[in-house]
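The values are calculated or read from the model by the stated rules, or taken from the named source; none is laboratory data. In this text the structure is predicted, and so the values were computed from the model without any measurement. Every residue, glycine as well, gets a Cβ built from its backbone with ideal geometry; the counts of neighbours run over all protein chains shown. Remember, those area values only see protein heavy atoms, side chains included, never the ligands or the DNA or RNA. Shrake-Rupley method; radii C 1.70, N 1.55, O 1.52, S 1.80 Å.
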There are 2 protein chains.
Amino acid sequence: MSTALLTDHYELTMLAAALRDGTASRSCVFEVFARRLPNGRRYGVVGGTGRVLDAITEFRFGDAELAHLRSTGVVGEDALAWLADYRFSGDVDGYAEGELYFPGSPVLTVTGTFADGVVLETLVLSILNHDSAIVSAAARMVSAANGRPIIEMGGRRTHERAAVSCARAAHLAGFSTTSNLEAGRTYGIPTTGTCAHAFTLLHDSEREAFAAQVDALGVGTTLLVDTYDITRGIDTAIEVAGPDLGAIRIDSGDVGVLARQAREQLDRLGATRTRIVVSGDLDEYAIASLRAEPVDAYGVGTSLVTGSGAPTAGMVYKLVEVDGRPVAKRSSSKESLGGRKVALRRHKATGTALEEVVFLASGKAPEADGHDRYPQIPLVRGGEVVPDVPTLEDGRQRVRTGLVSLPWEGLKLSAGEPAIPTVHHTGEQ
Amino acid sequence: MSTALLTDHYELTMLAAALRDGTASRSCVFEVFARRLPNGRRYGVVGGTGRVLDAITEFRFGDAELAHLRSTGVVGEDALAWLADYRFSGDVDGYAEGELYFPGSPVLTVTGTFADGVVLETLVLSILNHDSAIVSAAARMVSAANGRPIIEMGGRRTHERAAVSCARAAHLAGFSTTSNLEAGRTYGIPTTGTCAHAFTLLHDSEREAFAAQVDALGVGTTLLVDTYDITRGIDTAIEVAGPDLGAIRIDSGDVGVLARQAREQLDRLGATRTRIVVSGDLDEYAIASLRAEPVDAYGVGTSLVTGSGAPTAGMVYKLVEVDGRPVAKRSSSKESLGGRKVALRRHKATGTALEEVVFLASGKAPEADGHDRYPQIPLVRGGEVVPDVPTLEDGRQRVRTGLVSLPWEGLKLSAGEPAIPTVHHTGEQ
């Protein structure tokens, strides 16, 4: 399906006007960045870069798209002819998926003609704002879970297609599995499932439901024990499946207390290796509060797909350079810095991040040593995605490395300042 | 594109287990409802019903979907054979799009075999939870705007496909236009656009940018005047376009003060009919606070697509009846009432809503008079969408009618109780 109409009307009318007066061919640099992190967050994690590259590749105005634009009169024939031939032919640099970002980090830089870059604005922002919001929330959950696996099960609480991208973002952050089958197909993410209360209610008794599930899925399955009475549910589960039952799931109540009681009961019944999965409106705070409880895995839904209070990353796509000249809006507090920027992330010798230095590509670079690195990498050259662009699995590793590099305050869940400051280096010392 | 894998893993493993023990063919009723409204909201608006009907129709397991399920071993051959032939053959009743809902309202009821209904759970919830969250927020904005038009421009702040559904939900609530071209194509929603700061920055001067835009789009266009200095921007806009300029847009600063100054300035310049469009992080509260200002239209983005603090409606899909017998989970505060429910909305003779009476379809119906009505309507019969199912435009009218029917407290933006109580009628007087 073409992604070309996932675009704001004004991108195309601006294109039409710029084609008409000749400015469409000016060399431009567009920059994606977040002015701030949401809600006292201490770091952001870039998500969606891989999807952006796919979307740019599929950004083609076919007959159906052109017919719609013609019939509605959005733009005239000159612009339609230009769009019919559109292939992005510029360059893209950016933070790899899974990279940490901070206020002002140049997360993505699009270089090309004005026409090349302006038509991609909406689509690029949609993907980065959504996916970065989800992966940023997910990373906090993974960090709070402290090595315990988290299952993504939030698809039912968000748009059906966004759900697939949420599963992808959760995987990127380090979730272990997803319930979303389309995410399994599209991205190869392992899918898992337990059981719903409906399955127990369908049967004449909990015992029959458990027996049917074990019969169909084996004793390694996860039985949902809280439909009627949890203690009796656990007894029945072990009677039916035996002490080798894979797991039980508790989806309601004070799951910390219930997990402790369930662990004791399971151990008494000899099911010492049966795992305990908890779910039910968990977020990073609830996960952290369960750290001392005998929980083996978390199921997370709503809070993941809604970005746990920050459903969008608030990134913007700004024109920062025209024919080599820095440009910027100047009327208000929304001011931003003109000119193409590059970032340098400084680290201590121990590997702990110190600051995000943002400087003009045209200016004098700040000094760097062997512990520092440049988070931007080339992603597209002359319209072609570069070979060896990082994979989703690379991103998963990058999230882990990034979280380890944060100063310890950066991993606190409470509201605070960004974990490292963004320093604008002017080139003048 | 098949919607079949927009489904949770466990729906299919439950199906497989139920096919194996014969319970898959039991007659079931599944009910969609919200236990509560989000965040002190006083009403909800149902969105997505039309999309649910499309999604059910497209819910087919084709070769590609079956091959994925086979290769990953999600279910065995018996379940795969059943899925290959799957066509929903049951009934669906529900609240039409644009209908108000309250805690416990039976927003959608799916009747069929267990197998028929269980596989639809995730997809139905994804659509209803997303679209209802957006239309519910949008209706508050429309109400706050008090007749002034609102332009939907939030696509860049949400998932690229969710953006299209957000534009649809905003239209349903009464927004006038959207920036999203795909929403224009898919749903026939009128699209509009103004201009971005990038277009001004692209040019050597604001004057040249304005001239190019007017040349390409005519004097009826909307010029964005806040790139450098708003007062000078307005002067330049009228010098370039003349007093017949369609509109100016202000996207930053204290838009109330700026709108007043701009109105005076435009009037002084003879541009008395040039409209003023404001945008920039507006939500329903900001819109309401601008009621006394000379604003002609609002552009709303982030707050719309994020549900203005409530990005999901939190609806659930619960099995409530098996072979005519009411069923319900009983272990916790998540308890719900078993049995298929019907709603009656009572009104005063003036048309003001009084209460949402929810009663068992199998019990004695509450008494009703000519002012009362039953919000549920038939949507699908024997797998076929009924003729004359309400359109999106019908829904737009239904939102208007619904808001008018609310007691006046119901339209307050502040947090409060649901505008009308939900009364569970037991049939015993």
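Observations on the model:
- Reduced Cα scattering model of the stretch B:146-309, Debye log10 I(q)/I(0), q = 0.09, 0.10, 0.17 Å⁻¹: -0.29, -0.36, -1.02
- Antiparallel DSSP beta bridges within the protein assembly as shown, as percent of all bridges there, nearest 5: 65
- Remark: the stretch B:146-309 carries 33 Å² of accessible area per residue (probe radius 1.4 Å; ligands, DNA and RNA excluded).
- Dipole moment magnitude, nearest 20 debye, the protein assembly as shown about Cα centre, only Lys, Arg, Asp, Glu C-beta charged: 1440
- The modelled label-to-label distance between A:Asp204 and A:Ala365, using points 7 Å beyond Cα along the C-beta direction, is 7.6 nm.
- The Cα trace of the stretch A:60-212 gives Rg and Dmax of 21.8, 70 Å, the first to one decimal, the second as a whole number.
- Highest-first arrangement of A:393-401, B:285-293, A:278-286, where packing means the average Cβ count within 10 Å: A:278-286, A:393-401, B:285-293
- Taking amide H positions as modeled 1.01 Å from N, with prolines and chain starts lacking one, the residues under 5 Å from B:Leu223 and 5 or more places away or on another chain are B:Ala247, B:Ile248, B:Arg249.
- Position B:Pro378: other-copy label points at 6.5 nm, ordered by increasing distance, label point 7 Å along Cα→C-beta.
- Nearest-ten-degree value, helix A:9-21 long axis tilted from longest Cα axis of chain A: 20
- Theoretical ellipticity at 222 nm over chain A - DSSP helices of four or more residues, -39500 (n - 2.57) apiece, nearest 500: -11000 deg cm²/dmol
- Sorting A:Lys318, B:Lys412 by solvent-accessible area of protein heavy atoms yields B:Lys412, A:Lys318, largest first, with a 1.4 Å probe.
- The mean number of Cβ atoms from other chains found within 10 Å of a Cβ in peptide A:127-135 is 3, as a whole number.
- Helix axis angle, B:160-173 relative to chain B longest principal axis, alpha carbon, degrees: 80
- Using alpha carbons only, the radius of gyration of the stretch A:220-340 set against its Kirkwood radius gives Rg/Rh = 1.39.
- Here the stretch A:303-357 is treated as a Stokes sphere of Kirkwood radius computed over C-alpha pairs; at 10 °C and 1.306 mPa s its diffusion coefficient rounds to 109 µm²/s.
- For the pair the stretch A:191-238 and the stretch A:352-429, the centres of their Cα atoms are 47 angstrom apart.
- What the Cα convex hull of the protein assembly as shown gives, in volume per residue, is 161 Å³.
- Fraction of beta bridges assigned by DSSP in chain A that are antiparallel (%, nearest 5): 65
- Counting Cα-Cα pairs of the stretch B:1-107 in 5 Å increments starting at 0 gives whole-percent bin shares of 2, 10, 17, 18, 16, 14, 10, 8, 4, 0.
- Residues whose placed amide H lies under 5 Å from that of A:Thr194, excluding near-sequence neighbours: B:Tyr10
- Virtual paramagnetic centre 7 Å along Cα→Cβ of A:Arg400, amide N under 13 Å, in the stretch A:280-302: none
- Average silhouette area of the stretch A:269-345, convex hull of alpha-carbon atoms, in square nanometres: 9.8
- Among A:226-239, B:376-389, B:160-173, the order from most to least packed when residues are scored by Cβ within 10 Å on average: B:160-173, A:226-239, B:376-389
- In order through the stretch A:54-71: 3J(HN,Hα) via Karplus (6.51 cos²θ - 1.76 cosθ + 1.60), integer Hz, x for Gly, Pro: 4, 5, 5, 4, 8, 7, 9, 8, x, 4, 5, 5, 5, 5, 5, 5, 5, 5
- Computed on chain A, with alpha-carbon pairs under 8 angstrom and 6+ residues apart, the relative contact order is 23 percent.
- Residues whose amide H comes within less than 5 Å of that of B:Arg381, counting only those at least five positions distant or on another chain, are B:Val92, B:Val386 (H built at 1.01 Å from N in the peptide plane).
- Between 0 and 90°, nearest 10: helix B:255-268 axis offset from chain B longest Cα axis: 40
- Residue-by-residue Karplus 3J(HN,Hα) for the stretch A:214-225, coefficients 6.51, -1.76, 1.60, Hz, glycine and proline x: 5, 4, 7, 10, x, 6, x, 5, 10, 9, 8, 9
- C-alpha center-to-center spacing [the stretch A:150-186, the stretch B:89-142] in angstrom: 21
- With the label put 7 angstrom out from Cα along the Cα-to-Cβ vector, A:Pro243 ends up 9.4 nm from the copy partners, going from closest to farthest.
- Sorted largest first, extent of chain A alpha carbons per principal axis (Å): 78, 57, 39
- Length, then width, then depth: along the principal axes, the Cα atoms of the stretch A:288-429 run 60, 38, 35 Å.
- Across the stretch B:393-404, rounded Karplus estimates of 3J(HN,Hα) from the backbone phi angles (6.51 cos²θ - 1.76 cosθ + 1.60, θ = phi - 60°) give 5, 4, x, 4, 5, 5, 4, 4, 4, x, 5, 5 Hz, Gly and Pro being marked x.
- The stretch A:51-79 and the stretch B:282-341: distance between their alpha carbon centers, rounded to Å: 34
- Highest average packing first - B:104-112, A:366-374, B:348-356, Cβ atoms within 10 Å: B:104-112, B:348-356, A:366-374
- Per-residue average of Cβ from other chains inside 10 Å of A:120-126: 5
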